[in-house]
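Each reported figure results from applying straightforward, stated rules to the coordinates on display, with no laboratory input. The model shown is predicted, which means the values in this text are computed figures rather than measured ones. When we count neighbours, we look across all protein chains shown, and the Cβ atoms used for this are built from the backbone with ideal geometry, even at glycine.
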């Protein structure tokens, strides 16, 4: 874990989302599924974001501009700076023999990095609209469904080693079908390293700090 002021290298529109590109400095990209705390200038609290891609000397984050903080991140201009802390938490176990990526909406965010590390990984991605589905281009070869079709309808009978990220109802549905799936959960976070207890969630009847126990959890965890 390292904190550093990073320079914005640029932004790119990906459907309704924004790919925020930062010069990496001395920050390590970590393991796919881990997260970073990005501090929007002018705001009190940082925002947790999964790393989406690594490029030469860059860390890239896919952001959905749904609130004041995320909109500020998406509106940053080239050359502006922001504080970044990470990598944090536990990522996906990529040593599994037969990985299958399952993502919903902005939950696609960590999977381009997974594809970078693993190469040609099978993927099922679901989105609300065709505009949102433009983000699927970041995961080469992914099967794509658009509501009212759900990603669970494409899960094979033996879905093996599922790596999933998306809205909570999708994760719950995947967990019912694949109890051993690795699920990347989301919760509001203020610190990212367990000090504030702001991200406590109940998983399998246990209260856990998601930034410490997760964000990637499985039933075996």
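Regarding the chain, what are the three Cα extents along the principal axes, ordered largest first, in Å?
Computed over the chain, the largest-to-smallest principal extents equal 49, 37, 30 Å.
For the chain, take the longest principal axis of its alpha carbons; what is the angle in degrees between that and the long axis of helix 168-177, to the nearest 10 within 0 to 90?
Tilt relative to the chain: about 30 degrees.
If the elastic network links every pair of Cα atoms under 10 Å, which of 169, 87, 46 fluctuates the most in the Gaussian network model of the chain?
169
Given the options 168, 204, 80, which has the most mean-square fluctuation in a GNM of the chain, springs set between C-alpha atoms less than 10 angstrom apart?
Greatest mean-square fluctuation among the candidates belongs to 204.
Find the relative contact order for region 79-208 and round it to a whole percent, using C-alpha pairs within less than 8 Å whose residues are 6+ positions apart.
Numbers: 177 pairs, mean separation 29.8, N = 130.
23 percent.
Among 109, 195, 164, whose mean-square fluctuation peaks in a Gaussian network model of the chain (Cα, cutoff 10 Å)?
The residue with the greatest mean-square fluctuation here is 195.
Along the principal axes of its C-alpha atoms, what lengths does region 2-88 span, in descending order and rounded to whole Å?
Cα spread of region 2-88 along its principal axes, largest to smallest: 28, 27, 25 Å.
Separation of region 145-221 and region 10-58 by C-alpha centroid, Å?
21 Å
Report the relative contact order of the chain, percent, no decimals, based on alpha-carbon pairs under 8 angstrom and at least 6 residues apart. Numbers along the way, then the final one.
On the way: 505 pairs, mean separation 44.1, N = 221.
It rounds to 20 percent for the chain.
How would 17, 150 line up from fewest to most surrounding beta-carbon atoms within 10 angstrom? Numbers along the way, then the final one.
Values: 17 25, 150 17.
Lowest to highest Cβ neighbour count: 150, 17.
Please work out the FRET efficiency for the pair residue 190 and residue 157, using the Cβ-Cβ distance as r and a Förster radius of 30 Å; give the result to the nearest 0.05. Let's see the in-between values first.
Values: r = 42 Å, r/R0 = 1.40.
Taking R0 as 30 Å, the efficiency between residue 190 and residue 157 is 0.10.
Among DSSP beta bridges lying fully in the chain, give the percent that are antiparallel, nearest 5. Walk me through the numbers on the way to the answer.
Working: 35 of 52 bridges.
Percent antiparallel among DSSP bridges in the chain is about 65.
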